[in-house]
Every structure is written in structure tokens, then in C-alpha cells.
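Novice: The structure under discussion is supplied below as C-alpha cells; questions concerning it will follow.
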Amino acid sequence: MAEKTVFVNVGSEDENASYEIPQAKSSIRKFLDKIKLESNDSSRYSNEDLDPVPYERRTWRWYNLALYWLSDAFAPGGWRNAASLMEVGLSWKMSLFNIALANTLIGIVITLNAHPGARYHVCFPVFSRVPYGFFFSYVMVFMRMITGIFWYGIQTYTGAECVRSILYAIWPSFRNFPNHLPENANITSGFLICWFVYFCFCIPVHSIRVENTRWYFLFKCCLTPICGFAICGWIVTQSNKLPGESLFKQGNTISGSSLTWTFMSCLYSNMGGGSTYATNASDYSRYTRKEYSILFQLFALPFSNVLMAVLGVVGAAGSLKLYGTILWDPLLIIDHWTSRGGRAAAAFCGIAFLVAQIGQNISANSIAAANDLNCIFPRYVNIRRGQIIAALLGAWALTPWNILTSATAFLSFMSGYSIWLSSIAGILFSDYWLVHRLKYDITELYNPQGIYRYNNWGYNWRAVVAFTVGWVPLLPGFINAINPKIVVPAGVVRLYYLGFFYGFAVSSLTYWFLCKFWPARETYVDVAVLPPGKPNDDEENVETIDAIELNVDGNKKRAVKT
């Protein structure tokens, strides 16, 4: 960027003579100029990572998406999944059925909202501009960014636990590492070391381009299942030698309407956990070459989560006999392996779970938050920088160890955040499948003055109304979940238990109704305008463009259209 100049008259013989004096830039301006992305295009609010993915970077196949979901499930959190359901009264069979049903339903939503990415090769922050309006979409992007950064920090806690198990296995004396921090710090010196080590392992993985993370997920899928099945095999072998009642004989500890609404509450919780995926599905599907690749998620998502939950139930049942207490956490199980051979096995399992946890944090939180930061600050932030920023904010600025140990209300708040995300996902689905019927103009998605601006303020009032209707009735139940001392009618609480179904269904139907009777006709296109693909691609009823460009005044240029 050129330095700013001012013109002054210095009193020369020529009264009209003036000289240029460069005006010094501030330190902040120099820094911003230095970090500005070369691919930044201010007229389009975009950069290389925000543009449609070019054909040569569309490297994901159907099996990569399947492995992506297997990779996400095979982590300590997936192992613990059945525990929370059994602790509130469900039997192990009912818990597994609940997990299977929740992941099947959310898998359908994820697949439907992944199609815009597979078809137009753009991420959530870009295609959300169609239903919400070019500038109001930034509100939705910011809300999802907060979710991604928060859960990144929470998942970092589990990653630090993986490191701790490895250190316990390699250096048993680390169990007695002295603590030099006060009790109100809510973290010990030893665990802080584990936290820092985990963070250092994460940073290099954040530098991998998104299309290349498929190799990391493949490696994780080869390593973690071996570890999981090995733990279960050992537990079954050892526990069968001991007497005692099996956990598998435990039935439901509640009945009647209480069982019904507890089941629905657990179903909502499990679906709510996937609500972030329901919005960010296109962040990965944009790297696929074939639209049908996303269909394999419908099987991979429920299968992988149920399989991991089964391993958790088997591990818990065996630990009850072996150790006299139920251990739902695989890391707690391997921490009991203190013999020489046991510590070697524990170190291997700890490394496997560490690899798994890093992968899960990237797939579920890091990439999503990075795309959002990329959209909000396209001049200075790309996906790689966004991941680093999200990691620093989530792992350190939020101090997740304080949240998990003392800020239970805030944790409940973020756990119920899906009342907003379900409405966001419902409107995305409705606009793409029911209103615009898969037909977007890819060039207009990058035009701040284009057809998806809707009005001078850049918002679509139909989406605002639908979004509000989707979450406001759930708010009283949400408040009760955060603070049970605030008493609300039982019906309101039960409506909250149906939160994802209500939010998604009501917001999507309301949006469709408003668009049907008050359509924004300027946003409808006769044929879909797609980004360039393989030279010999031939698709019916679509147009493709060789480049997406804007003049300085914001008008589109389409030099070549095929």
C-alpha cells in the first residue's frame, strides 16, 4: 500500500507550487499492511480460501467423507457417549438405540446441508448469504464462530488428559508431580504441562491444508480402532475370569412418562451435539468432486458413533468387575495399567487417543471457526491463520479449566446453544431445497451490491422472522436448564427437550411460507451458475464460469460462460 501524501505550499516564487511530503504510517497500519493476504479482494469480500474451491483442490472422495466421520467418532468423547444416558436412567440397550436414532436423524440434516458445498464448492459463511442477506449472514457466522472456539477449548481439556495418560505410562513418577499453583487456579502444575504439550502437538496439524487433512483422518482411522478393540478385548478376557453381576443386566431405572421425556431429552442432547455439523457440513463437502459423495455420511455417521458407544459400554461393564467401579473413560482404564507391559500398552493407547482427539477437535471445531474468521476478516485471515487464532482463543483465552470446574452455568449455556444453531440449519435447508431449489448464482454470492443483498441494510427480513420464531419459544426452557432454581411450567421444559426438532422444523417451514407469499423475486435465477469444474464436465440446466470477477464499481464480469 502506498504511503499517504499531503501537498503543501512552501512559499516559492511560484505561488501555485507545492511539494509532496510523505505522511508516516502508524505502527498498526504497517503491521496490517504486512500481514494482508495477497489473494485478498476487497471488492468481493473474499480471498483464496473463501473463493469456490478450484478443481485441482477437490481431492475428497466418498470414502474420505466416510473416514472423516469414523475419525470423529473414534475419540474419548465417543467412548463416553453412552455413560451420560445410562446415568440418567436408560438401559444400555435404550442408550445405544438413542445414540443410533439421534445420529441417523442428524446425519440426514448434515447431508442435506452439505449439498451446497458439494455443488458450489463454497463454505457455510458464503452460501449463508443467500437466505440471510449478504451482511446479516455475518451475525450467523459470528454465532457459529463462538461455538467453534468454545468447544475447541473444551476438547483441549480431553486432549491434555490424553497427554497425561501418556506421561503416566512413560514416567510413573509424573503422578506425583508437585503442584505449585493455588487451589483457586482450578488446574495443577502437572496438568498445565500436559495442556501445553497437547497444544504444541496441535499447531503443526493446523498448518495442513484442509483438502490434505484426509490423510490425517485416514491415519487416525487405522490407529484408533485398533486401540479401542484391543482395550475391549483385554477387558472381556480378564473380566470373564471374575465373578460378579454384569452391567449388561441393568435395565431402565425409570419408567412411564419419565422414561419417555428422559429419552427425548437425551435424543435432543445427542442431536444438539451434531448441530454444529448441521451448519458447517459444506466446509468439508466443498472439497469433493462428485455431489453423490456426501450420501455415504448417512451410513458412516450412525455406524461409527454406535460402534464407539458399544465399546464404551463393554469397557464399563468389564471395569466394574476388574476395579470395583464403573470406568466410562478409556483414559481412566489405561491409567490402571501400571505393570511394565501394561505401561507400554497404555502409552500406545494414549498416543492413539491423542491422535484421535486432535483430529476430532480439528474436524468439529477448528476448521469451522477458521472459516468464520476468514469470512469476517478476509483481508488478513485465511483458514490456516484462522485455526491458529481459534486455538489461542479457545485453549488459552477462555481458560477452559475454569469453565469445567467452576462455571457450570456457562457450560450449560453452551450445551444448549443448539436452540440457535438448529434454527440456522433449518433456514439453510429450507432456502436451498424448498425456496431456490438448488439454483444459486455463484458470482452473486461475492457481490455485496448484488441480488442477495435484499435491501440497503443487507438482510432478508424473512430469515430474521423465521430465525426468531425458531428459538424464542425455547428460551424459557433453556433458562431453566442453565439455572434450575428458575421454575417454569413442565410443558415449557418438555418443549425444550424437543428443541432441535422444533427449532429446525418451525424455522424452515416459517421461512418457506414467507418466501412463498412474499418472494424476493430478484434472488431467483433460471439456471444455476456454478464455479468452473473439470473441462469435460457436462451438466444439464447449469451454467459455469471461468472466473468470478467484479469491476471497481461492483458490476460483474463474465468473460467466458459455457
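The values are calculated or read from the model by the stated rules, or taken from the named source; none is laboratory data. None of these values were measured; they are calculated from a predicted model. Cβ placement follows ideal geometry from the backbone for every residue including glycine, while neighbour counts extend to all protein chains displayed. Accessible surface is based on the protein model in full, side chains and every heavy atom, while ligands, DNA and RNA are left aside. Shrake-Rupley method; radii C 1.70, N 1.55, O 1.52, S 1.80 Å.
Novice: Using the Cα centre as the reference, give the magnitude of the dipole from point charges on the C-beta atoms of the chain (Lys, Arg: +1; Asp, Glu: -1; all else neutral), rounded to the nearest 20 debye.
Specialist: So the magnitude is around 1440 debye.
Novice: Just reorder H336, H206 by solvent-accessible area, largest first, 1.4 Å probe, all chains present.
Specialist: Reading off the accessible areas and sorting them downward yields H336, H206.
Novice: A further question on this structure: Assign one of three labels to region 349-506, namely rounded, prolate or oblate, based on the Cα gyration tensor with a ≥ b ≥ c the square roots of its eigenvalues; rounded applies when a/c is under 1.5, prolate when it is not and a/b is larger than b/c, and oblate otherwise.
Specialist: Taking the square roots of the gyration eigenvalues as a ≥ b ≥ c, region 349-506 is oblate.
Novice: Antiparallel DSSP bridges in the chain: what percent, to the nearest 5?
Specialist: Antiparallel bridges: around 60 percent, rounded to the nearest 5.
Novice: Also, quick follow-up: If I compute solvent accessible area with a 1.4 Å probe over the protein chains, what percent of it on region 180-280 is carbon and sulfur?
Specialist: Whole-percent figure for carbon plus sulfur exposure: 65.
Novice: Amide H to amide H, which residues 5 or more places from V529 or on other chains are under 5 Å from it, using H placed in the peptide plane?
Specialist: Here Y440, D441, I442, E543 satisfy the definition.
Novice: Would you mind classifying the chain by shape? Square roots of the alpha carbon gyration tensor eigenvalues, ordered a ≥ b ≥ c; an a/c under 1.5 is rounded, otherwise it is prolate if a/b is larger than b/c and oblate if not.
Specialist: Prolate, since a/c reaches 1.5 and a/b exceeds b/c.
Novice: As an exercise, identify the trypsin sites (Lys or Arg not before Pro) in region 226-318 lying in DSSP coil whose Cβ has no more than 11 other Cβ atoms within 10 Å.
Specialist: Answer by residue number: K241.
Novice: With the other protein chains left in place, how much accessible area per residue, in square angstrom, belongs to region 232-326 at a 1.4 angstrom probe?
Specialist: Ligands and nucleic acids excluded, the result is 42 Å² per residue.
Novice: Net charge near P125: determine it from the other residues with C-beta under 10 Å of the C-beta of P125, scoring Lys and Arg +1 and Asp and Glu -1.
Specialist: 0
Novice: Separate question: May I ask for the net charge around R144, where only other residues with Cβ less than 13 Å from the Cβ of R144 are counted and Lys, Arg are +1 while Asp, Glu are -1?
Specialist: Net charge around R144: -2.
Novice: Anything over 26 Å Cα to Cα? Flag those among K36/K220; K220/K290; K93/K485; K36/K439; K36/K290, in the order listed.
Specialist: Too far apart for the 26 Å limit: K36/K220; K93/K485; K36/K439; K36/K290.
Novice: Label region 99-184 by shape, choosing from rounded, prolate and oblate, from the square roots a ≥ b ≥ c of the eigenvalues of the Cα gyration tensor; if a/c is under 1.5 it is rounded, and otherwise prolate applies when a/b is larger than b/c, oblate when it is not.
Specialist: Prolate is the answer for region 99-184, as a/c is 1.5 or above and a/b outweighs b/c.
Novice: With charges set only on the Cβ (+1 for Lys and Arg, -1 for Asp and Glu), what does the dipole of region 47-95 come to about its Cα centre, in debye to the nearest 20?
Specialist: Dipole size: approximately 340 debye.
Novice: If Lys and Arg each add +1 and Asp and Glu each add -1, what is the summed charge of the other residues whose beta carbon sits under 11 Å from the beta carbon of W512?
Specialist: +1
Novice: Express the carbon and sulfur contribution to the solvent-accessible surface of region 429-541 as a percent, rounded to the nearest whole number, probe 1.4 angstrom.
Specialist: 61 percent
Novice: Please give the solvent-accessible surface of I193 in Å², to the nearest 10, using a probe radius of 1.4 Å with every protein chain present.
Specialist: Surface open to solvent at I193 totals about 70 Å².
Novice: Okay, moving on. Each label point is 7 Å from the Cα along the Cα-to-Cβ direction; what then is the distance between the points at L434 and Y524, in nm?
Specialist: 1.6 nm
Novice: Also, quick follow-up: So, with a 1.4 angstrom probe, what is the percent of accessible area on region 299-379 that is carbon and sulfur?
Specialist: After summing per-atom areas, the C and S share lands at 68 percent.
Novice: Per residue, how many Å² of accessible area does region 449-490 show with a 1.4 Å probe?
Specialist: Ligands and nucleic acids excluded, the result is 55 Å² per residue.
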